[in-house]
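For reference, the structure I am asking about is given below.
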Amino acid sequence: MTSLPACVITVSDRSFAGEREDRGGPIAVGLLRDAGWHCPDAEIVADGIDSVADALRRAVARGVRLIVTTGGTGVAPRDLTPEGTRQVITREVPGVAEELRRGGLADTPLSVLSRGLAGVVDPAGALIVNLPGSTRAVASGVPVVLGVARHIMEQLDGGDH
């Protein structure tokens, strides 16, 4: 199985400022690497529409095929990861985001508050998935993403159903 390029982008004002350690990003990176994806250490960006959209565009421009974000999916005023993501994706894949919320109910009833998106970027053939920032959400969410990511890559590359 070919190692495809992936990356993790942690979205957090406090982690970006060095005030809090990024704990979710390294978990996601480890899970992606364990599954055979080529994934550098997590990039940390500040909350905000432009910072998220810019980081996603840079990753797509580098040829990254799977981009997982952590953080910024809630309802706090600075939780704008979905809005930044919406500026980059060309087609949503709502079932992935719905499954992440549904599966998160096993950990917390607050999972329904996640506004995270999942979608593809055409013609680059990238998949972007927003995960909440909690370590539990990352640990339970990345396997959901991995369960469909290679099939999505095959589809984006013109493969048959």
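We did not get these values from a lab; they are worked out from the coordinates using the rules stated. Treat the numbers as computed from the prediction; the structure is a model and nothing was measured. Cβ sites come from the backbone with ideal geometry, for glycine too, and all protein chains shown count toward neighbours.
Scan 118, 137, 149 and give me the residue that is surrounded by 15 or more Cβ atoms within 10 Å (Cβ to Cβ), in contact with a strand residue (DSSP E or B) (Cβ under 9 Å, 6 or more places away or on another chain) and either under 22 Å from residue 50 (Cα atoms) or not hydrophobic (A, V, I, L, M, F, W, C) (or both).
Just one listed residue meets the conditions, 118.
Among what's in the range 121-134 and is out of contact with any Gly (no Cβ under 8 Å at 6 or more places or on another chain) and buried (at least 19 other Cβ atoms within 10 Å of the Cβ), pick the residue that is farthest from residue 7 (Cα to Cα).
Result: 121.
Residue-by-condition table, conditions (1) crowded, with 19+ Cβ neighbours inside 10 Å; (2) within 14 Å of the chain's Cα centre (by Cα); (3) within 19 Å of residue 142 (Cα to Cα):
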{"site": "56", "(1), (2), (3)": "yes, yes, yes"}
{"site": "63", "(1), (2), (3)": "no, no, no"}
{"site": "75", "(1), (2), (3)": "no, no, no"}
{"site": "100", "(1), (2), (3)": "yes, yes, yes"}
{"site": "106", "(1), (2), (3)": "no, no, yes"}
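Right, another one. Restricting to the range 23-40, give me the number of residues that are part of a helix (DSSP H, G or I) and either hydroxyl-bearing (Ser, Thr, Tyr) or within 13 Å of residue 4 (Cα to Cα) (or both).
3
I'd like to verify a number: residues in the range 118-139 that are hydrophobic (A, V, I, L, M, F, W, C) and assigned to a helix (DSSP H, G or I), how many?
The qualifying residues number 3.
Say we look at the range 41-54 and pick out the residues that are part of a helix (DSSP H, G or I) and of a type in the set (Asp, Glu); which of these is surrounded by the fewest Cβ atoms within 10 Å (Cβ to Cβ)?
50
Anything in the range 4-22 that is touching a Phe, Trp or Tyr at 6+ places or on another chain (Cβ under 7 Å) and either part of a helix (DSSP H, G or I) or buried (at least 21 other Cβ atoms within 10 Å of the Cβ) (or both)? List them, or say none.
Across the range 4-22, the qualifying residue is only 6.
Still on this structure, please answer the following. Could you please give the count of residues in the range 62-111 that are under 20 Å from residue 148 (Cβ atoms), in a loop (DSSP other than H, G, I, E, B) and without any contact (Cβ under 8 Å) to a residue 12 or more places away in the chain?
Qualifying residue count, the range 62-111: 1.
Hey, does the range 144-161 have a residue that's within 19 Å of residue 57 (Cα to Cα) and in a strand (DSSP E or B)?
No: the range 144-161 contains no residue that is within 19 Å of residue 57 (Cα to Cα) and in a strand (DSSP E or B).
Related question: Being among the hydroxyl-bearing types (Ser, Thr, Tyr), over 20 Å from residue 30 (Cβ atoms) and crowded, with 21+ Cβ neighbours inside 10 Å: is that true of residue 90 here?
Values: among the hydroxyl-bearing types (Ser, Thr, Tyr): yes; over 20 Å from residue 30 (Cβ atoms): yes; crowded, with 21+ Cβ neighbours inside 10 Å: no.
No; evaluated as a whole, the condition is false for this residue.
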